[in-house]
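I have placed the structure first, in the form of structure tokens, so that the comments after it can refer back to it.
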Amino acid sequence: MLSVRAKLALLYSLVMFTGLVLFGMLTYGLLHYELIQAKQTHLEGREERLISLLKTNEASRTQASIIEQLKNYALVTHEGNLFHVRNADGSWMFPADQAGPDLPQSEGCERPAYSKVTLQGGPVLVLCHVMLLKGQPVRLYIGGALDEEAIILSKYRNALFLLLPALLIVASVSGYLLSRHALKPVDRITRAALEIGVGNLSKRLPVPTARDEVQNLVIAWNQLLARLEAAVLRLSRFSADASHDIRTSITVMLATAQLSLIRPRKEDEYRHDLEKIVTECRTATTLLDALLTLAQSDNFINEVQFKRVDLSELVVSGCRRVEDLAESCSIYLDWQLPEQSISVNGDEVLLQRLLGILLDNAIRYTPQHGEIRVEVSWSGMRPRVTVRDTGVGMPESVRAHVFDRFYQADLREGKSRAGNGLGLSIGRWIADAHGADLAVESTPLQGSTFHIDFPEADDLPVSTEVTMELSQF
């Protein structure tokens with residue numbers, strides 16, 4: 001198969017060859033027409049000069065006969081063999097001493113008529129015109145040789161035959177070079193496209209400066225790459241989030257099982273631990289199902305089911321979920337609840353996820369024999385959940401980026417397991433989805449305090465379903 005460059009070169013050569021042939025035919029025809037027109041004008045001028053001579057002689061009352069006047073005119077013009085006059089009866093008036101050539105005798109000479117004949121082996125253009133001599137109609141024949149015109153046409157035709165192949169070669173080479181120059185932006189785009197992969201979808205194709213179809217194509221491809229990058233980013237973010245939560249569930253199950261194996265417990269305690277493991281298994285299963293749904297769909301959308309959620313029950317459930325993990329790390333975990341329950345509108349699963357992220361973060365950065373306290377209170381007219389720890393804390397430079405995706409400061413002092421910088425960014429998204437404010441106060445070596453301040457009024461109605469894209473955070 002021929003390349004696009006070769007196809008363009010062949011097409012350009014074919015178009016140029018067709019154009020050159022048509023140009024040659026057209027110019028040859030125009031040249032022939034102009035040469036004949038010039039010869040006809042020359043013959044008409046000779047006729048006018050003859051008529052003018054005869055009128056001048058008649059006015060001067062010359063004594064010479066018509067035959068002598070025609071003979072003298074023929075001698076002066078040196079074209080006697082191409083100058084003839086025929087009488088009305090068809091006999092030759094001039095020259096009278098020899099038979100005239102075989103000239104056309106059609107009756108259409110009342111007006112000047114032209115015809116081509118061969119005289120003495122050469123082409124001649126003959127003017128035939130009826131005129132009056134001494135009151136008698138005669139047919140005048142004035143001829144002009146076409147030898148010079150034939151030579152000019154022959155040379156021009158030969159020049160065309162010689163130039164057409166040369167011009168065709170030049171056109172072919174030019175077509176190849178032009179197609180190569182025209183496809184240079186495509187070559188650059190191809191090289192740039194080959195360098196783009198899943199790992200660097202942020203790269204874009206170079207946009208040509210010329211406002212043409214190639215530029216429009218590149219812009220369309222860059223827009224497609226942007227949509228593809230957003231889709232891949234959304235998928236990778238959710239996969240990372242799900243992995244984060246699965247890891248947390250596995251960590252809780254492992255800690256619970258290890259504590260159960262280390263020391264004997266009562267049957268109710270074993271049952272409680274097993275129920276906690278079952279709950280974490282269900283959570284992990286839900287996340288795995290979400291991953292499977294994500295793999296089978298083009299986009300993942302999390303449906304947030306809003307209902308009345310008791311913050312006290314939420315805190316107790318969240319703390320009991322990680323109490324074995326805290327105990328295995330020799331960390332004291334406690335919670336403080338108000339006398340009257342406080343409820344908010346929200347998604348219980350997502351709020352449990354947010355609280356779990358804050359507790360998991362507190363356990364990770366709190367040393368042994370440290371304390372973690374969770375409180376439910378009011379901040380003015382806004383319900384608040386507070387998670388305090390006595391961990392390593394963080395300076396201002398870390399607090400400014402602590403909610404950024406994949407940001408992770410080296411604050412662990414070699415004590416706890418490494419994270420991946422996703423938890424708090426997920427928590428910020430969950431807070432935003434509920435219209436809540438997630439803020440942090442921290443002092444190095446003294447600990448950190450995270451506040452979740454819910455809206456004063458419930459902006460979202462009870463039992464309302466809201467669709468949020470996971471890529472928003």
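The values are calculated or read from the model by the stated rules, or taken from the named source; none is laboratory data. Because the structure is predicted, anything quoted here is derived from the model rather than measured. We place every Cβ from the backbone using ideal geometry, glycine too, and count neighbours over all the protein chains shown.
State the number of residues belonging to region 130-160 that are closer than 14 Å to Leu82 by Cβ and surrounded by 15 or more Cβ atoms within 10 Å (Cβ to Cβ).
Residues flagged as closer than 14 Å to Leu82 by Cβ and surrounded by 15 or more Cβ atoms within 10 Å (Cβ to Cβ) within region 130-160 amount to 7.
Going by what's in this entry, would Ser239 be described as within 46 Å of the chain's Cα centre (by Cα) and among the hydroxyl-bearing types (Ser, Thr, Tyr)? If you could, list the steps in order and put the result at the bottom.
Details: within 46 Å of the chain's Cα centre (by Cα): yes; among the hydroxyl-bearing types (Ser, Thr, Tyr): yes.
Here the answer is yes, as Ser239 does meet what is asked.
Could you identify the single residue in Gly135, Gly175 that is farther than 22 Å from Gly29 by Cβ and without any contact (Cβ under 8 Å) to a residue 24 or more places away in the chain? I'd like the intermediate steps shown before the answer.
Details: Gly175 fails: without any contact (Cβ under 8 Å) to a residue 24 or more places away in the chain.
Answer to the selection: Gly135.
Tell me which residues, restricted to region 211-237, are among the small types (Gly, Ala, Ser) and either in contact (Cβ under 8 Å) with a residue 60 or more places away in the chain or touching a Lys or Arg at 6+ places or on another chain (Cβ under 6 Å) (or both).
Those that are among the small types (Gly, Ala, Ser) and either in contact (Cβ under 8 Å) with a residue 60 or more places away in the chain or touching a Lys or Arg at 6+ places or on another chain (Cβ under 6 Å) (or both): Ala230, Ala231.
Return the total of residues in region 327-355 being among the small types (Gly, Ala, Ser) and crowded, with 22+ Cβ neighbours inside 10 Å. If you could, list the steps in order and put the result at the bottom.
Within region 327-355, the subset among the small types (Gly, Ala, Ser) is 328, 330, 341, 343, 346.
Narrowing further to those that are crowded, with 22+ Cβ neighbours inside 10 Å: 346.
So the answer is 1.
Condition (residue is charged (D, E, K, R) and modelled with pLDDT under 85) applied to region 116-135: is it met by at least one residue? Please lay out each step first, then the result.
In the first step, residues of region 116-135 are kept if they are charged (D, E, K, R); the result is 116, 134.
Among the residues that remain, those that are also modelled with pLDDT under 85 are: 134.
Yes: one or more hits.
Take the residues in region 316-325 that are in contact (Cβ under 8 Å) with a residue 24 or more places away in the chain and touching a Leu at 6+ places or on another chain (Cβ under 7 Å); name whichever of them is farthest from Pro455 (Cα to Cα). Give the steps one after another, and end with the answer.
Applying the first criterion (in contact (Cβ under 8 Å) with a residue 24 or more places away in the chain) to region 316-325 yields 317-322, 324-325.
After this cut, where a residue has to be touching a Leu at 6+ places or on another chain (Cβ under 7 Å) as well, the list is 318-319, 322, 324.
Details: Gly318: 21, Cys319: 23, Val322: 27, Asp324: 32 Å.
Looking at the filtered set, the residue picked out is Asp324.
Select from region 9-48 the residues that are loosely packed, with under 13 Cβ neighbours inside 10 Å and of a type in the set (Phe, Trp, Tyr) and list them in ascending order.
The first filter runs over region 9-48 and keeps only residues loosely packed, with under 13 Cβ neighbours inside 10 Å, leaving 11, 15, 18-19, 22, 25-27, 29-30, 33-34, 37-38, 41, 45, 48.
Within region 9-48, Tyr33 is the sole residue that qualifies.
Based on what the data block shows, is Leu217 assigned by TED's automatic domain parsing to the domain that holds Gly121 and in a helix (DSSP H, G or I)? Full working, then the answer.
Details: assigned by TED's automatic domain parsing to the domain that holds Gly121: no; in a helix (DSSP H, G or I): yes.
Taking the combined requirement at face value, the residue does not satisfy it.
Could you tell me how many of the residues in region 133-168 are of a type in the set (A, V, I, L, M, F, W, C) and part of a helix (DSSP H, G or I)?
Here is the first cut: in region 133-168, the residues of a type in the set (A, V, I, L, M, F, W, C) are 133, 138, 140, 142, 145-146, 150-153, 159-164, 166-168.
With the extra rule that they be part of a helix (DSSP H, G or I), the set shrinks to 150-153, 159-164, 166-168.
Here the count works out to 13.
From the list Thr248, Thr209, which one is farther than 18 Å from Pro185 by Cα and among the hydroxyl-bearing types (Ser, Thr, Tyr)? Before the answer, list the steps.
Working: Thr209 fails: farther than 18 Å from Pro185 by Cα.
Just a single option satisfies the conditions, and that option is Thr248.
Please find, within region 369-408, the residue that is modelled with the highest pLDDT out of those that are in a loop (DSSP other than H, G, I, E, B), buried (at least 16 other Cβ atoms within 10 Å of the Cβ) and touching a Pro at 6+ places or on another chain (Cβ under 9 Å).
Ranking the candidates gives Thr390 first.
Run down Pro185, Pro208, Pro165 and say which single residue is surrounded by 15 or more Cβ atoms within 10 Å (Cβ to Cβ), over 30 Å from Tyr73 (Cβ atoms) and free of Cβ contacts under 8 Å to residues at least 24 places away in the same chain. Give the steps one after another, and end with the answer.
Numbers: Pro185 fails: free of Cβ contacts under 8 Å to residues at least 24 places away in the same chain; Pro165 fails: surrounded by 15 or more Cβ atoms within 10 Å (Cβ to Cβ).
Matching residue, one of Pro185, Pro208, Pro165: Pro208.
Quick test for you: out of Gly421, Gly414, pick the one residue that is assigned by TED's automatic domain parsing to the domain that holds Glu339, closer than 26 Å to Ser236 by Cα and either part of a loop (DSSP other than H, G, I, E, B) or modelled with pLDDT under 90 (or both).
Details: Gly414 fails: closer than 26 Å to Ser236 by Cα.
Testing whether each residue is assigned by TED's automatic domain parsing to the domain that holds Glu339, closer than 26 Å to Ser236 by Cα and either part of a loop (DSSP other than H, G, I, E, B) or modelled with pLDDT under 90 (or both) leaves just Gly421.
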